[in-house]
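The values are calculated or read from the model by the stated rules, or taken from the named source; none is laboratory data. Given the structure is predicted, the values throughout are model-derived calculations rather than measurements. A quick note on method: Cβ atoms are made from the backbone with ideal geometry, for glycine too, and the neighbour counts reach across all protein chains shown. Ligands, DNA and RNA are excluded from the accessible area calculation, which covers all protein heavy atoms including side chains. Shrake-Rupley method; radii C 1.70, N 1.55, O 1.52, S 1.80 Å.
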Amino acid sequence: MDAAEFRKRGKEMVDYIADYLEKIDKRQVFPDVEPGYLRPLIPDCAPQDPESFEDVFKDIEKIIMPGVTHWHSPYFFAYFPAASSFPALLADMLCGGIGCVGFSWAASPACTELETVMLDWLGKMINLPEEFLAGKDGQGGGVIQGSASEATLISLLAARTKAIRRVQSEKPELTEADIMGRLVAYASDQAHSSVERAALIGGVKIKNVSSDDTFSVCGSALKKVLDEDKASGLIPFFFCATLGTTPCCSFDKLLELGPICNKENIWMHIDAAYAGSAFICPEFRHLLNGVEFADSFNFNPHKWLLVNFDCSAMWVKKRSDLTGAFKLEPLYLQHHHQESGLVTDYRHWQIPLGRRFRSLKLWFVLRMYGVTGLQEHIRKHVRLSHQFEHLVLQDERFEICAEVVLGLVCFRLKGSNELNKALLKSINEAKKIHLVPCHLQEKFVLRFAICSRTVESTHIKFAWQHISQLATDLLKTWEQNHHQQ
């Protein structure tokens with residue numbers, strides 16, 4: 001394919017994507033395929049001779065689309081939103097076109113410098129304390145990671161290095177292995193599984209801290225676990241607080257937890273993967289109060305801020321904590337500006353060496369929507385979640401299981417877990433809308449997340465009528481079966 005054909009095919013692909021997104025509501029949200037559906041549809045091995053773009057293009061609808069779950073459909077209410085917008089898609093094309101691998105400043109100065117400035121822009125939008133910003137000569141700063149899981153792992157590994165060095169300076173007789181065996185990380189019993197995975201990869205123990213009736217961790221619960229562990233000779237070193245938990249979007253009590261972590265020399269990382277985008281709205285900013293006690297903070301613009309995957313924003317108060325843990329300087333990666341103090345080499349802030357020019361997506365989206373456009377997007381989703389909550393509350397067969405703060409509603413039929421499992425099964429088998437469940441205090445609960453950029457009030461009403469009708473049908477057969485037994 002030469003440049004001339006690329007121009008032609010590129011325009012066709014843009015048209016195809018625009019059509020796909022414009023008419024996505026006509027597609028069934030969840031595919032009708034069984035595992036292994038794809039293998040029989042394509043040859044056993046790659047073609048010896050080149051094929052035409054027409055042949056490849058034809059196979060998109062034939063082979064790929066039948067197996068796609070349409071995350072951007074207004075009938076997709078599962079997991080959390082996956083952001084997408086036309087400015088972000090255009091920026092991703094440019095990122096692919098430039099094709100730099102920005103591991104150091106010298107590898108592509110614009111790639112590094114735009115990222116530093118965009119993370120400052122974003123930090124100011126959510127009113128992050130000054131010490132998290134790079135500014136002209138700050139000690140902190142932001143970086144784009146691939147996902148919140150990576151941000152948690154990076155912060156845990158940096159905290160581990162810091163703790164080992166601190167303990168060794170206090171007790172030189174202890175080896176690194178002695179200390180490693182005694183380190184403990186903590187997170188809420190509602191925290192995302194990626195926190196446990198980070199501890200697994202980091203080779204340290206992790207303990208769950210019990211959440212309260214609102215599914216939040218409070219100071220006294222953390223203090224109790226810390227006191228027990230310190231008494232038995234363990235070394236608490238890391239706590240991951242969650243703002244907007246995955247099961248029900250609950251918020252750990254930062255103002256109680258932060259001072260405890262600071263006093264006990266425990267690194268506090270805040271995972272606000274989904275909820276963080278909402279903090280650009282002044283009415284939700286109070287949910288971030290207490291961030292001033294944290295060592296690192298992360299949220300995903302690729303969830304709710306119209307920047308497509310991957311773009312996970314992470315800030316640290318002291319970037320030397322990261323670079324101190326991960327810095328290696330082989331000759332082939334060195335450049336003559338690196339000791340000037342004026343440049344950032346993001347390879348020291350992350351797990352992979354290579355990185356894409358992801359800040360272009362932020363730059364395009366922040367400029368083309370403006371803060372007000374992004375605030376309106378968040379507020380619309382929150383309004384729609386309250387609309388759905390209101391519909392659920394009008395039907396006495398159902399209950400709401402957690403406070404609706406942002407764009408997630410946790411609800412269920414009053415009755416057994418089996419009944420609710422059957423309801424979810426009938427919803428997802430009908431494939432008109434798509435939902436996923438969670439467990440809250442032993443209850444099987446249905447999660448209704450407002451996800452699509454194009455979702456409107458009519459889609460919410462449709463979803464509720466559909467759920468309500470399926471519930472009516474289910475309860476009839478359920479009662480008949482019950483009587484027969």
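A few points about this structure:
- Checking 49, 44, 55, 25 one by one, the residue that is under 30 Å from residue 453 (Cα atoms) and either open to solvent by less than 60 Å² (accessible area, probe 1.4 Å) or over 27 Å from the mean Cα position of the chain (by Cα) (or both) is 25 and no other.
- Filtering region 239-255 for residues that are in contact with a strand residue (DSSP E or B) (Cβ under 9 Å, 6 or more places away or on another chain), part of a helix (DSSP H, G or I) and assigned by the TED database to the domain that holds residue 156 leaves a non-empty set.
- For region 204-219, the tally of residues that are on the phi < 0 side of the Ramachandran plot, in contact (Cβ under 8 Å) with a residue 60 or more places away in the chain and buried (at least 19 other Cβ atoms within 10 Å of the Cβ) stands at 0.
- Region 419-439, residues that are in a helix (DSSP H, G or I) and touching a residue at least 24 places away in the same chain (Cβ under 8 Å): 419, 420, 422, 423, 426, 427, 428, 430
- From the list 282, 330, 352, the lone residue that is modelled with pLDDT of 85 or more and surrounded by fewer than 21 Cβ atoms within 10 Å (Cβ to Cβ) is 282.
- Within region 138-162, the set of residues being open to solvent by 10 Å² or more (accessible area, probe 1.4 Å), of a type in the set (S, T, N, Q) and in a helix (DSSP H, G or I) comprises 149, 161.
- Residue ID - farthest from residue 120 (Cα to Cα), chosen from residues in region 363-380 that are surrounded by 14 or more Cβ atoms within 10 Å (Cβ to Cβ) and among the hydrophobic types (A, V, I, L, M, F, W, C): 378
- Applying the criterion of being in a helix (DSSP H, G or I) and among the aliphatic types (A, V, I, L, M) to the residues of region 381-412, the residue that is most open to solvent (accessible area, probe 1.4 Å) is 393.
- Of all the listed residues (454, 472, 458, 477), the sole one being at negative phi, outside any helix (DSSP H, G or I) and open to solvent by 40 Å² or more (accessible area, probe 1.4 Å) is 454.
- Screening residue 403 on (1) under 28 Å from residue 24 (Cα atoms); (2) under 21 Å from the mean Cα position of the chain (by Cα) shows it passes everything except condition (1).
- Within region 238-265, the set of residues being more than 15 Å from the chain's Cα centre (by Cα), within 18 Å of residue 196 (Cα to Cα) and touching a residue at least 60 places away in the same chain (Cβ under 8 Å) comprises 238, 252.
- Condition met for residue 83 (modelled with pLDDT under 95 and either over 22 Å from residue 455 (Cβ atoms) or crowded, with 16+ Cβ neighbours inside 10 Å (or both)): yes
- Exactly one residue out of 165, 182, 160 is in contact with a helix residue (DSSP H, G or I) (Cβ under 8 Å, 6 or more places away or on another chain) and basic (Lys, Arg), and it is 160.
Yes/no matrix, rows are residues, columns are (1) assigned by the TED database to the domain that holds residue 129; (2) within 30 Å of residue 371 (Cβ to Cβ); (3) of a type in the set (Lys, Arg):
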residue: 236; (1), (2), (3): yes, no, no
residue: 274; (1), (2), (3): yes, yes, no
residue: 280; (1), (2), (3): yes, yes, no
residue: 285; (1), (2), (3): yes, yes, yes
residue: 298; (1), (2), (3): yes, yes, no
residue: 307; (1), (2), (3): yes, yes, no
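- Scope region 163-203; condition under 27 Å from the mean Cα position of the chain (by Cα) and open to solvent by 20 Å² or more (accessible area, probe 1.4 Å); matching residues: 189, 190, 191, 192, 193, 196, 197, 200, 201, 203
- Verdict on residue 415 being open to solvent by less than 70 Å² (accessible area, probe 1.4 Å) and on the phi > 0 side of the Ramachandran plot: yes
- Here residue 269 passes the criteria (1) at pLDDT 95 or above; (2) touching a strand residue (DSSP E or B) at 6+ places or on another chain (Cβ under 7 Å); (3) open to solvent by 10 Å² or more (accessible area, probe 1.4 Å) except the one numbered (3).
- Boolean, residue 231 is modelled with pLDDT of 95 or more, outside the structural domain of residue 377 (by the TED database) and out of contact with any helix residue (DSSP H, G or I) (no Cβ under 7 Å at 6 or more places or on another chain): yes
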